[in-house]
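A short worksheet on the structure shown next.
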Amino acid sequence: MFITAYYFRAHSYTIVPRHVSEDMAWMADHGTDAVALGILEQDLFAAVENFQLISEEANRAGMKVYAVPSRWGALVAGCPKVPSIFCAKHPEAAACGPDGSPRIDWLGVKASVHHPATFEFFCESLRKMFELFPVEGVVWDEVKNLHDRDYSDAARAALSGKDLDDVSVHTDAAARFFDRVGAEALSMKPDVRLCMFLFAHMKGFPVERCARIEHLHDFGCDGRPFRGTDGGSNDSGATVSKKNLCDTGPYFVAQARANGKRPLFLVENHAMAEKDVPLMDARFPEVLSLGAEHVLYYYYPRSLRDPDRNMGVVGKHMKAAKGLA
């Protein structure tokens, strides 16, 4: 099992090197293989030295560095929840509604996967990221446009002859975009590992189409580490259906394996109510038995009343999974 720690926004402005090295020692001691850094668009030109220091400390502790492109073009999740600078600077590249006006949601405008500037932006950002940091893996976190219909001029031209009211047409286009970007990433860095996960509550064509992306190595889902019937809360700050790894994780594992991918789970131990920590503790062995070969967890995540208790549970099960307990 390959284990990755989500290390989101840690020391991205004020940095204490001793604290970074202590974090890395904890992760390595608990069987972590890679540290995943959330990379915003602006992290490629601001506070670069901080991310470089974190990367060096991760490598010194024997762990790889993975990157989570965060909110790039508003097409992926990641941390924090901010509007896309690219979208603000390139209104011509916006995904549009039927009337031709930009689609605007709670985080602003999303980029159209059909506009050439969007593809160029992703490729150039990856190129710069690979130059700045020793990235060995990229995680596409919760692709955000799988259910969006795009009626922009670029979409109409690219999808000529297709029914733009059919959402599956747009789902397919989103998957093809990340396939093209993945191919470019591998041309820049042939040994980079490309990962993607979707919400655990999703099913059907969006999941099955993304699992078929050619230029992708790991595929799976993120969700709470217990069952929906356990009575745990599911509010992670998003207005989505409940997502539980014990319920739909096996479906994602099957889809990954059927398409030659390594199955992946992100355990959502963030924004967790204290009453749910015992549920996570009880169900964690079941989560790890479902077949995921790449498991990610949040290292000291946001919105916890007792983060040490949460991390104690996660750390215990990570060590056990690696035979270190």
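Structural remarks
- Across the range 26-32, coupling constants 3J(HN,Hα) worked out from phi with the 6.51/-1.76/1.60 Karplus curve, θ = phi - 60°, read 4, 4, 4, 5, 9, x, 6 Hz, and Gly and Pro carry x.
- Relative frequency of Cα-Cα separations exceeding 15 Å in the range 47-141, percent: 65
- Taking every alpha-carbon pair in the chain and binning the separations at 20 Å intervals from zero gives 33, 60, 8 percent.
- Net +/- balance of residues flanking E136 in space, Cβ distance below 11 Å, scoring K and R +1, D and E -1: +1
- Exposed loop positions in the chain were taken to be chymotrypsin sites (Phe, Trp or Tyr not before Pro) whose DSSP state is not H, G, I, E or B and which have at most 16 other beta-carbon atoms within 10 angstrom. Between these positions, the longest stretch is 107-325.
- Charged-residue dipole, Cβ positions (Lys, Arg, Asp, Glu), the chain about Cα centre, Debye nearest 20: 400
- Using θ = phi - 60° and Karplus 6.51 cos²θ - 1.76 cosθ + 1.60, couplings along the range 41-52 (whole Hz; Gly, Pro as x): 4, 6, 6, 8, 9, 10, 6, 4, 4, 5, 5, 5
- Farthest toward the positive end of the dipole of the chain, out of P225, L159, P134, is the Cα of P225, where the dipole comes from beta carbon charges about the Cα centre.
- With Cα atoms defining each centre, the range 81-122 and the range 179-197 are spaced 22 Å apart in the structure.
- K316 paired with A158, simple spin-label distance in nm, labels 7 Å along Cα-to-beta-carbon: 4.8
- Across K81/K128; K261/K322; K242/K275; K110/K162; K81/K189, pairs whose alpha-carbon gap is larger than 26 Å: K81/K189
- Extension gain, R305 to E92, is 72.3 nm, computed as 0.36 nm per intervening residue step minus the present C-alpha separation.
- Its residues counted as N, the range 1-103 yields a C-alpha radius of gyration over 2.2 N^0.38 Å of 1.30.
- Contour excess over end-to-end distance, with Cα ends at E184 and D166 and 0.36 nm allotted per residue: 3.6 nm
- Only DSSP H runs of four or more residues enter the estimate; each adds -39500 (n - 2.57), and after division by the residues of the chain the mean residue ellipticity at 222 nm equals -12000 deg cm²/dmol.
- The residue list L146, G31, H11 was ranked by how far each Cα lies along the charge dipole of the chain toward its positive end, using unit charges on Cβ atoms, and G31 comes out on top.
- Among D148, D105, D218: highest mean-square fluctuation, GNM of the chain, C-alpha pairs under 10 Å: D105
- If you model the range 220-325 as an ellipsoid using its alpha carbon gyration tensor, with each semi-axis the square root of five times an eigenvalue, the axes come out at 21, 17, 12 Å, biggest first.
- Proximity of backbone amide H atoms, modeled 1.01 Å from N, is registered between V138 and A67, R193, L194, C195 at under 5 Å, excluding neighbours fewer than 5 places apart on the same chain.
- Efficiency of FRET between A25 and H147 - r from beta-carbon atoms, R0 45 angstrom, step 0.05: 0.60
- Taking the number of Cβ atoms within 10 Å of each Cβ as an exposure proxy, the fewest-first ranking of M311, M27, M188 is M188, M311, M27.
- Principal semi-axes of the equivalent ellipsoid, √(5λ) from the alpha carbon gyration tensor of the range 154-273, are 28, 19, 13 Å from largest down.
- Karplus-based coupling profile of the range 251-264, in residue order and whole Hz: 4, 5, 4, 5, 5, 4, 5, 5, 10, x, 9, 7, x, 10, with θ = phi - 60° in 6.51 cos²θ - 1.76 cosθ + 1.60 and x standing for Gly or Pro.
- Between the amide H of A94 and those of S112, distances stay under 5 Å, these residues lying 5 or more places away or on another chain, with hydrogens modeled in the peptide plane.
- FRET efficiency, T229 to Q42 (Cβ-Cβ, R0 41 Å, nearest 0.05): 0.45
- Here the residues M318, M280, ranked from fewest to most Cβ neighbours within 10 Å of their Cβ, fall in the order M280, M318.
- Residues with amide H under 5 Å from that of K64, placed H, sequence gap 5 or more: A34, V35
- Exposure proxy shown here: for D230, D141, D99, the number of other Cβ atoms within 10 Å sets the order, fewest to most, as D99, D230, D141.
- Max-minus-min Cα coordinates of the range 283-325 on each principal axis give 30, 19, 16 Å, with the largest extent listed first.
No lab work stands behind these numbers, since they all come straight from the coordinates. Nothing here was measured: the structure is a model prediction, and the numbers come from that model. Counting neighbours? That spans all protein chains shown, and the Cβs are built from the backbone with ideal geometry, glycine included.
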